[in-house]
1. Only one of A:I166, A:I176 is within 24 Å of A:T238 (Cα to Cα), more than 14 Å from every other protein chain (Cβ to nearest Cβ) and either away from the ligand (no atom under 16 Å from the Cβ) or not basic (K, R) (or both); which?
2. Can you pull out every residue in segment A:128-148 that is away from the ligand (no atom under 11 Å from the Cβ), away from every other protein chain (no Cβ under 14 Å) and among the β-branched types (V, I, T)?
3. Restricting the first residue to segment B:30-55 and requiring it to be closer than 13 Å to B:V8 by Cα, which pairs with a second residue that is of a type in the set (D, E) meet a Cβ separation below 8 Å and a spacing of at least six or different chains?
4. All but one of (1) more than 23 Å from A:D115 (Cα to Cα); (2) within 14 Å of another protein chain (Cβ to nearest Cβ); (3) exposed (fewer than 15 other Cβ atoms within 10 Å of the Cβ) hold for A:G209; which doesn't?
5. Just to be sure, is A:A202 of a type in the set (G, A, S), more than 14 Å from every other protein chain (Cβ to nearest Cβ), buried (at least 18 other Cβ atoms within 10 Å of the Cβ) and assigned to a helix (DSSP H, G or I)?
6. Picking from A:A16, A:A49, which residue would you name as being out of contact with any Leu (no Cβ under 8 Å at 6 or more places or on another chain) and within 12 Å of the ligand (Cβ to nearest atom)?
7. Could you grab me the full set of residues in segment A:179-194 that are in contact with a Ser or Thr (Cβ under 7 Å, 6 or more places away or on another chain) and away from the ligand (no atom under 13 Å from the Cβ)?
8. Can you tell me how many residues within segment A:84-103 are away from the ligand (no atom under 16 Å from the Cβ), within 20 Å of the chain's Cα centre (by Cα) and not β-branched (V, I, T)?
Amino acid sequence: MSDSMLDAEIALVTGASRGIGAAIASELSRLGAKVAGTATTEGGASRIAARFADADSAGIGLCLDVTQPTSIEAALTAVEEQLGGRPTILVNNAGITRDNLLMRMKEQEWDEILDTNLSSVFRLCKACMRSMTKARHGRIINISSVVGVSGNAGQCNYAAAKAGLIGFSKSLAREIGPRGVTVNVVAPGFIDTDMTRELPEAQREALLGSIPLGRLGAPEEIAAAVAFLASPAAAYVTGQTIHVNGGMLMI
Amino acid sequence: MSSVEERVRKIVVEQLGVKEEEVTMDASFVDDLGADSLDTVELVMALEEEFETEIPDEDAEKITKVKEAVDYVNAHLG
Ligand SMILES: NC(=O)c1ccc[n+]([C@@H]2O[C@H](COP(=O)([O-])OP(=O)(O)OC[C@H]3O[C@@H](n4cnc5c(N)ncnc54)[C@H](OP(=O)(O)O)[C@@H]3O)[C@@H](O)[C@H]2O)c1
């Protein structure tokens with residue numbers, strides 16, 4: 001994909017301080033988009049800004065808590081002021097886990113996951129879609145998980161949120177398709193980030209055994225799928241889920 | 001400054017991509033001007049922006065014709 005493919009675009013990537021989001025932010029930026037990457041702390045935001053500066057790109061780092069509507073509004077105002085417009089590409093990547101067997105899962109663990117991983121996407125899409133439908137152009141890409149489709153013991157909350165994202169995205173794709181806005185999902189498998197480094201060694205080994213390609217995925221391999229969906233090449237793709245999981249689950 | 005009627009008709013023309021002469025006061029957005037459900041929502045949002053006001057959902061549902069939009073704006077502004 002060429003370096004200037006996304007030249008006219010403004011991208012907002014949530015959770016871009018590390019892991020998958022960081023890789024997505026750099027890739028979209030490399031392809032020419034003006035990118036706003038977000039972290040939950042000011043320190044994280046300035047590290048994102050420093051990364052963009054090191055790469056000589058026009059990107060910015062912002063502080064954003066996706067569970068707070070006022071924080072979302074503030075971030076979007078900052079994007080508008082600093083990048084010259086509302087996002088034309090929205091990547092909802094921020095996400096957390098609170099694993100527990102349902103038998104032991106507390107209401108709070110359920111609520112936190114649904115709020116951070118699913119309701120956040122409702123909020124961000126609502127906040128960004130108006131300018132996209134008006135412009136008759138826009139790309140929304142939501143990061144789900146293989147677990148949302150396969151299920152996983154200990155992750156009832158996470159799997160429900162990630163499966164919810166897929167149904168949400170299909171519905172929104174139908175609503176705003178007529179306005180030239182596409183909505184798609186990327187469902188990563190087992191990717192080498194802080195999220196999976198927390199797993200116990202035994203569970204890690206067992207998981208690796210279930211992956212035909214025999215290794216963890218790299219964040220860049222998720223970013224490549226996101227870049228495709230954001231690109232002009234994917235103009236006719238909407239309501240779909242791209243699984244990038246080393247063959248761990250074949251749909 | 002143009003009248004409320006002119007401003008409303010201009011928005012309808014822009015939002016629905018119809019000809020100015022089609023936008024008569026009696027024209028229904030859906031039946032006469034070919035609006036779909038998303039068009040009507042966007043139309044109300046465009047009115048909100050133009051007249052810097054918020055139109056509650058209960059009221060928005062009742063705005064189905066050009067005249068109703070003009071009347072609404074006249075009744076709630078100025
Ligand atoms: N890693 C995997 O194997 C895997 C597999 C499938 C799906 N995914 C999904 O991919 C996405 C990224 O995962 P990752 O592994 O890259 O995660 P990660 O390394 O743990 O990073 C999570 C990111 O989300 C941000 N974040 C957390 N809570 C937030 C909130 N309330 N508001 C805004 N941002 C928040 C974090 O910001 P701070 O740095 O400021 O905390 C960080 O940038 C997630 O949606 C995850 O569910 C990951």
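1. One residue alone meets the criteria, A:I166.
2. Residues satisfying the conditions are A:I140, A:I141.
3. So the pair list comes out as B:A46/B:E14; B:E48/B:E54.
4. The failed condition is (2).
5. no
6. After ruling out the rest, the residue left standing is A:A16.
7. Answer for segment A:179-194, where residues must be in contact with a Ser or Thr (Cβ under 7 Å, 6 or more places away or on another chain) and away from the ligand (no atom under 13 Å from the Cβ): A:R179, A:V181, A:T182, A:V183, A:N184.
8. The total comes to 1.
Computed from the coordinates by the stated procedures, all read-outs in this text should not be read as laboratory data. The model shown is predicted, which means the values in this text are computed figures rather than measured ones. Don't worry about glycine lacking a Cβ; one is built from the backbone with ideal geometry, like all the others, and counts go over all protein chains shown.
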